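Read the structure below first, then the notes.
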């Protein structure tokens, strides 16, 4: 485990040694990926939700680096209980990059729904309300996608995806995702390399669902430990016995295995009951092509 320091020399986060990546190569690969996805879809612009957290900040930096800051729209979508620091940090990113930005307060949308007879629970539990917030934000992003003329860029990392710490059709909804194969520890490493402000890298990761909420306290895990476990279990395919030899608690391994298994539906397109000879998403599979391409399916 290596401690990564900020500009002031103080440690910002711990990086598991086996998860260290070549950040220059990662930036090149991701930059090509971003440009390729936009080109194939026939777009030149992108739009993303900027929360003030490290994931969305890193994606904003990567997209700006790949296509230019003038081609990116960052949308800030606070709820009335959102941390003031989240908005402040998001604005720091906008100012540093020089991107276009919009502020859309989702409080009236969320509160209006839960105040109706349909919702019938004005004091809905935080998790239910948080999931609705995530889906409302994605609805706003796709509407802004139409007015801005840009693809919606995802900001979810590999750790969250694997354990299902994401809202289906909420923060997981996007046209493409530049950091979906980076563990949270690698997100931090790449963020430090590309110039994301230190205060964003240092602060405790949070979905900002309620005051004081943090990912690690809510889910009862440490990102460096969880990332190492996922790396050896998923990437390296280590057995139960091998995981114990690596020093992992069997109970934690079993718990993470359950999270991965029970959240598989979030990582798949909706299944289709197959009736015809060729079914979309099953045996009718073609890569994305630029609209108007001469290539035709056979």
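Within the range 229-248, track down each residue that is more than 28 Å from the chain's Cα centre (by Cα) and without any contact (Cβ under 8 Å) to a residue 12 or more places away in the chain.
239, 241, 242, 244, 245, 247
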- Message: Name the residue that is farthest from residue 66 (Cα to Cα), counting only residues in the range 1-23 that are part of a helix (DSSP H, G or I) and touching a residue at least 60 places away in the same chain (Cβ under 8 Å).
- Response: 18
- List every residue pair whose Cβ atoms sit under 7 Å apart, with the two residues 6 or more apart in sequence or on different chains, where the first one lies in the range 60-76 and is more than 14 Å from residue 150 (Cα to Cα) and the second, anywhere, is at pLDDT below 95 and in a helix (DSSP H, G or I). 76/87
- Message: Pairs please, first residue from the range 95-111 and in the same structural domain as residue 62 (by TED's automatic domain parsing) and assigned to a loop (DSSP other than H, G, I, E, B), second anywhere and surrounded by fewer than 16 Cβ atoms within 10 Å (Cβ to Cβ) and at pLDDT below 95, Cβ atoms under 8 Å, 6+ apart in sequence or on different chains.
- Response: 105/80
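Among the candidates 56, 2, 83, which residue alone is within 20 Å of residue 186 (Cα to Cα) and surrounded by fewer than 21 Cβ atoms within 10 Å (Cβ to Cβ)?
2
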- Please specify each residue of the range 137-158 satisfying the condition of being surrounded by fewer than 19 Cβ atoms within 10 Å (Cβ to Cβ) and within 17 Å of the chain's Cα centre (by Cα). 139, 140, 142
- (1) at pLDDT 95 or above; (2) touching a helix residue (DSSP H, G or I) at 6+ places or on another chain (Cβ under 7 Å); (3) closer than 26 Å to residue 110 by Cα all hold for residue 174 apart from (2)
- Query: Can you pull out the helices (runs of 4 or more DSSP H) entirely within the range 177-295 that have at least 3 residues that are touching a helix residue (DSSP H, G or I) at 6+ places or on another chain (Cβ under 9 Å), at pLDDT 85 or above and within 29 Å of residue 63 (Cβ to Cβ)?
  - Reply: 184-194, 198-202, 223-230
- Output the residues belonging to the range 135-159 that are touching a residue at least 60 places away in the same chain (Cβ under 8 Å) and assigned to a helix (DSSP H, G or I). 137, 138, 140, 141, 144, 145, 148, 158, 159
- Query: When only residues in the range 55-81 that are assigned to a loop (DSSP other than H, G, I, E, B) and either farther than 15 Å from residue 103 by Cβ or within 18 Å of the chain's Cα centre (by Cα) (or both) count, which is modelled with the lowest pLDDT?
  - Reply: 81
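The values are calculated or read from the model by the stated rules, or taken from the named source; none is laboratory data. Treat the numbers as computed from the prediction; the structure is a model and nothing was measured. Here Cβ is always computed from backbone atoms with ideal geometry, including for glycine, and neighbour counts include all displayed protein chains.
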